[in-house]
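Below is one structure, written out as structure tokens, with a few remarks after it.
The values are calculated or read from the model by the stated rules, or taken from the named source; none is laboratory data. Predicted model only: the values in this text are computed from it and were never measured. Because the Cβ atoms are built from the backbone with ideal geometry, glycine has one as well, and the counts that use them run over all protein chains shown.
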């Protein structure tokens, strides 16, 4: 259905643009305002359609894993470095506490998980804030924590925070609203690995934890 909506929505946007340019003749001030509203809202709707298509693709792809032994300490360091321009632009600091860890995972998809968690923390952190990433092994599981100093998650949002397209009520000042699919993709990929993701209680900010069975450890023990 989302594919079928793309073409007519693009036509509406193009039509509004032509009207705004006066191709069909001059517009009155009221008509100009109507065309502006039409263009703005059709652009917003088209963006939502694109987000839906992207989520469908990512959610489907997340179930197809290519597991290989991966150095998770190095993977986490690479993700932090890849997003360096983003978190530095907001005046943030990222602290990493990662112990050596090798596990049989889909490294590319787990990289998406780590990047989504970090980008989410950046989006909600106040300028000058600190984001903490922790990697450890406990009871045969790989545990990865991401904590920020933002506004946290409102109690009424906790149960739905991993739902596709759900937007939490608390927003950091000046932050752009995301698409609402980042955390849902985190859940899809982590669950495909047989793991879990949850929001932990925190006095300040949001504290996410993902746990994935350490298949490499289990098969080599």
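The numbered conditions (1) within 25 Å of residue 195 (Cα to Cα); (2) at pLDDT 90 or above; (3) touching a helix residue (DSSP H, G or I) at 6+ places or on another chain (Cβ under 7 Å) are all true for residue 58 except (2). All of (1) without any contact (Cβ under 8 Å) to a residue 12 or more places away in the chain; (2) farther than 25 Å from residue 140 by Cα hold for residue 74 with one exception: (2). So if I check each of 46, 63, which one is in a helix (DSSP H, G or I) and either in contact (Cβ under 8 Å) with a residue 12 or more places away in the chain or surrounded by 15 or more Cβ atoms within 10 Å (Cβ to Cβ) (or both)? Just a single option satisfies the conditions, and that option is 46.
Just checking, does the range 87-103 include any residue being assigned by TED's automatic domain parsing to the domain that holds residue 192, assigned to a helix (DSSP H, G or I) and surrounded by 15 or more Cβ atoms within 10 Å (Cβ to Cβ)? Yes, because at least one residue in the range 87-103 is assigned by TED's automatic domain parsing to the domain that holds residue 192, assigned to a helix (DSSP H, G or I) and surrounded by 15 or more Cβ atoms within 10 Å (Cβ to Cβ).
Condition check: closer than 17 Å to residue 211 by Cβ, modelled with pLDDT of 95 or more and surrounded by fewer than 16 Cβ atoms within 10 Å (Cβ to Cβ). Does residue 71 satisfy that? When the stated conditions are applied, residue 71 does not pass them.
Evaluation of residue 73 against the conditions (1) in contact with a strand residue (DSSP E or B) (Cβ under 8 Å, 6 or more places away or on another chain); (2) not in a helix (DSSP H, G or I) shows that the sole unmet condition is (2). Going by the structure shown, is residue 42 closer than 30 Å to residue 122 by Cβ and within 23 Å of the chain's Cα centre (by Cα)? Spelling it out, it is not the case that residue 42 is closer than 30 Å to residue 122 by Cβ and within 23 Å of the chain's Cα centre (by Cα). Answer yes or no: is there a residue in the range 104-115 that is touching a residue at least 40 places away in the same chain (Cβ under 8 Å) and assigned to a strand (DSSP E or B). Yes; the residues of the range 104-115 include at least one that is touching a residue at least 40 places away in the same chain (Cβ under 8 Å) and assigned to a strand (DSSP E or B). Just one of the listed residues (114, 135) is buried (at least 19 other Cβ atoms within 10 Å of the Cβ) and touching a strand residue (DSSP E or B) at 6+ places or on another chain (Cβ under 6 Å), namely 135.
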